[in-house]
Amino acid sequence: MELDEEKLQEHLGTAIRDFGATLHAPLVVVGDKLGLYRALAREGPLTSSELARQTGTAERYVREWLRSQAAGGYVTYHPDTERYSLTPEQAALLADENSPVFVGAHFQVALSAARVESRLTEAFRTGEGIGWGEQDATLFHGTARSFGPTYQANLVERWIPALEGVHEKLEAGGPVADVGCGLGRTTLVMAEAYPESEFVGVDFHEPSIEAARRKAAEAGVGDRVRFEVATAKELEDGPFDFVTMFDCLHDMGDPVGAAARVLDVLAEDGTWMIVEPYAEGAVEENLNPTGRAFYSISTLVCTPCALDQEAETVLGAQVGEDRLREVVRKAGFTRFRRAAETPLNLILEARP
């Protein structure tokens, strides 16, 4: 078979870029952990020696790291002074953990998820699942960090106000259940914004719930925020005015059953907010860089997690609004709409 040389070189270029990106990922994590980006943002432009002194690190490592970062466009090099700096845009992505576009934690998630590779290879042969708790422990913290800035920036300011009557109910003290709460960041964001409401966060991963309880105690809201170990289908009886699921419905082995349980515990005029990764309905519409990232993390983490459970319906992380509507309506909800969106999220509202 004769090869098209132009297409071959194009594919080779893509592979080389991905090879470089794969090698680059752990170096982003190193820079994040050691505060290299933060020091550049705060004190730059700096030489490698100056950055090493600022961060208590070894200059020869830092010198090579800086060159790698500059080659990737993550750091700006000034050849006339042999110094390095971050532009405001680079700093927003890499040095400010509270920025809604902070990406440092995404690389932490990617590296953590990749550690399952040998187990995943065998799972491809057997069809068995890999439980969330069987993933590398750094994945849980990385997931909270990666999603956290988006939730912090949007949840109270944009998403809840886009829902019918929810803001007013929470201001009046309506009870809330946050399902699949992980380390509890979303629960605590809502609790801070709505001091009259009581909250229960549930997750089936006990270490995450233990960490969430510590965070609630540190925040001084333990009198009205509880965290319990439970699956979505084990959610306690309500009635709740508001139930939330943040980027977790697609991880569940029986999403219809989970949705049906939400319906059981919702107040008659209650609201369920479902936040899911942004996706279009057709596969070909998701064949882009964002889709690749979500399909990849879905293969590494989300699909194995669902297959480790009942595996009644394995949605994957690029399920799309139409398929989610089917799940919600099958569970018995009669009203469903898209309330808001971001480039990476669908914010969906379901009501009885």
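The values are calculated or read from the model by the stated rules, or taken from the named source; none is laboratory data. Owing to the predicted nature of the structure, the values given are computational and were not obtained by experimental measurement. No Cβ is skipped: glycine too gets one built from the backbone with ideal geometry, and neighbour counts run over all protein chains shown.
Within segment 176-185, does at least one residue satisfy the condition of being more than 17 Å from the chain's Cα centre (by Cα) and free of Cβ contacts under 8 Å to residues at least 40 places away in the same chain? For segment 176-185, residues more than 17 Å from the chain's Cα centre (by Cα) and free of Cβ contacts under 8 Å to residues at least 40 places away in the same chain: absent. For the condition under 14 Å from residue 95 (Cα atoms), touching a strand residue (DSSP E or B) at 6+ places or on another chain (Cβ under 6 Å), modelled with pLDDT of 95 or more and not polar (S, T, N, Q), residue 29 does not qualify. Taking residue 340, is it outside any strand (DSSP E or B) and either farther than 23 Å from residue 107 by Cα or in the same structural domain as residue 178 (by TED's automatic domain parsing) (or both)? Answer is no for this residue.
A quick yes/no check of all residues on (1) β-branched (Val, Ile, Thr); (2) touching a residue at least 12 places away in the same chain (Cβ under 8 Å); (3) in the same structural domain as residue 155 (by TED's automatic domain parsing):
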position: 47; (1), (2), (3): yes, yes, no
position: 57; (1), (2), (3): yes, yes, no
position: 69; (1), (2), (3): no, yes, no
position: 81; (1), (2), (3): yes, yes, no
position: 116; (1), (2), (3): yes, yes, yes
position: 133; (1), (2), (3): no, yes, yes
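Conditions tested, residue by residue: (1) in a helix (DSSP H, G or I); (2) buried (at least 20 other Cβ atoms within 10 Å of the Cβ).
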residue	(1), (2)
256	yes, no
263	yes, no
293	yes, no
312	no, no
324	yes, yes
348	no, yes
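Within segment 215-228, the residues that satisfy the criterion of being surrounded by fewer than 24 Cβ atoms within 10 Å (Cβ to Cβ), in contact (Cβ under 8 Å) with a residue 24 or more places away in the chain and more than 20 Å from the chain's Cα centre (by Cα) are 216, 219, 221, 224, 226, 228. As a summary of the residue check, residue 28 satisfies the conditions (1) more than 31 Å from the chain's Cα centre (by Cα); (2) surrounded by 18 or more Cβ atoms within 10 Å (Cβ to Cβ) except for the one numbered (1).
Only one of the numbered conditions (1) more than 29 Å from residue 119 (Cβ to Cβ); (2) surrounded by fewer than 21 Cβ atoms within 10 Å (Cβ to Cβ); (3) modelled with pLDDT of 95 or more is violated by residue 273, and that is (2).
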